[in-house]
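All remarks here apply to the structure that follows.
The values are calculated or read from the model by the stated rules, or taken from the named source; none is laboratory data. On a predicted model such as this, the values are computed, not experimentally measured, just so you know. Every residue, glycine among them, receives a Cβ derived from its backbone with ideal geometry; neighbour counts consider all protein chains shown.
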Amino acid sequence: MSLDEQPPRGFVLLPRLLDPAETAALGQAAESVLARVTEKALEGAADVTVWPDGHRLEQVDGTTVHWEPDARPPAVRSLAPVTHLHPALHALWTDERVVGPMRRMVGSERLGPFTSKLNFKRAGVGSEFRWHQDYPYWYCCAGPDARDVATAMIFLDDVTADNGALEIVPGSHLAGPAPRDRAEPTGLLVDAARTDVSGAVTVEAPAGSALLFPGLVVHRSGPNRTPRDRRSLLLCFQPAGRPGLAALSYRASRLADLP
Ligand SMILES: O=C(O)CCC(=O)C(=O)O
């Protein structure tokens, strides 16, 4: 990826990329996928993994259900990958409104999928995502190719500072991998004490907007304490012809290569 081709702030907001009817249809698709998958997971049909930070992940129907750690009754934090579970979600991989701007973000004329995710950030229970770059997680799977992965995050609901809008450190991708928090059990999060996050901006946007950013951008989001959901669909693109995340193995030992 050529960093010269990326916007210097490292992210682009495309307000109201999808119209309200399309956005509502995507929201319905997300809810139907969630209902199907969680029913199976709650029946005990899934393989369970507990991450070093105590978060519970369950694999069912080719997706990983990541539960909100503290929600009672249980609520889902994310499903990934997810586009294979509904044609309306899958169709976005070839939607020119998304793919066109992502070519510039990735720096490649021909794009392919890397992975996809639904983040639910539910009213009242959606929890914080601490400061992180997506890059270390992807690097553990894809190695240096992870540099060429970028995300289109499509908001299915209005996003405001109080329902968990993304906070982004403009230009942070230019500094490469940020120092990681060695005291945190997964080893994947940014050490905010050793990274300048003081210039962070909060990205508020109406439903149907898309936020595009590369894997090296430092970002976080707060908890959702409002009565309004803040759901989003994330499509992570890479140059065409490379294996997707699901075909790769996570090797935590690769973290030793990173600061
Ligand atoms: O949805 C969010 O608030 C955070 C998104 C994100 O950073 C992620 O899923 O890695």
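For segment 5-49, the set of residues classified as among the β-branched types (V, I, T) and either assigned to a loop (DSSP other than H, G, I, E, B) or at pLDDT 90 or above (or both) consists of V12, T23, V33, V37, listed by residue number.
Kindly evaluate L174 against the criterion of being within 27 Å of R254 (Cβ to Cβ) and either under 17 Å from the mean Cα position of the chain (by Cα) or of a type in the set (K, R) (or both). Answer is no for this residue.
Applying the criterion of at least 3 residues that are under 30 Å from K40 (Cβ atoms) and under 18 Å from the mean Cα position of the chain (by Cα) to the helices (runs of 4 or more DSSP H) found wholly in segment 71-167 leaves 135-142.
Residues in segment 205-230 that are more than 15 Å from the chain's Cα centre (by Cα) and in a strand (DSSP E or B): A205 alone. The residue list G208, G215 contains one member that is within 15 Å of the ligand (Cβ to nearest atom), in contact (Cβ under 8 Å) with a residue 12 or more places away in the chain, under 27 Å from P101 (Cβ atoms) and of a type in the set (G, A, S), which is G215. Of the residues making up segment 103-160, those that are among the small types (G, A, S), more than 10 Å from the ligand (Cβ to nearest atom), within 27 Å of R182 (Cα to Cα) and in contact with a Phe, Trp or Tyr (Cβ under 9 Å, 6 or more places away or on another chain) are A142, A146, A150.
Yes/no matrix, rows are residues, columns are (1) at pLDDT 85 or above; (2) more than 22 Å from L17 (Cβ to Cβ); (3) exposed (fewer than 13 other Cβ atoms within 10 Å of the Cβ):
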site: V60; (1), (2), (3): yes, yes, no
site: V65; (1), (2), (3): yes, yes, no
site: A71; (1), (2), (3): no, yes, no
site: P74; (1), (2), (3): no, yes, no
site: L79; (1), (2), (3): yes, no, no
site: W93; (1), (2), (3): yes, no, no
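Being free of Cβ contacts under 8 Å to residues at least 24 places away in the same chain and within 16 Å of the ligand (Cβ to nearest atom) is the filter; apply it to segment 54-102 and report the residue that is nearest to A146 (Cα to Cα). Per the criteria, the residue is T64. Evaluating E184 against the criteria (1) farther than 29 Å from A252 by Cβ; (2) more than 14 Å from the ligand (Cβ to nearest atom) leaves one unmet condition, (1).
Across segment 232-252, what is the total count of residues that are touching a residue at least 12 places away in the same chain (Cβ under 8 Å) and either in a helix (DSSP H, G or I) or within 16 Å of the ligand (Cβ to nearest atom) (or both)? Total meeting the criteria: 11.
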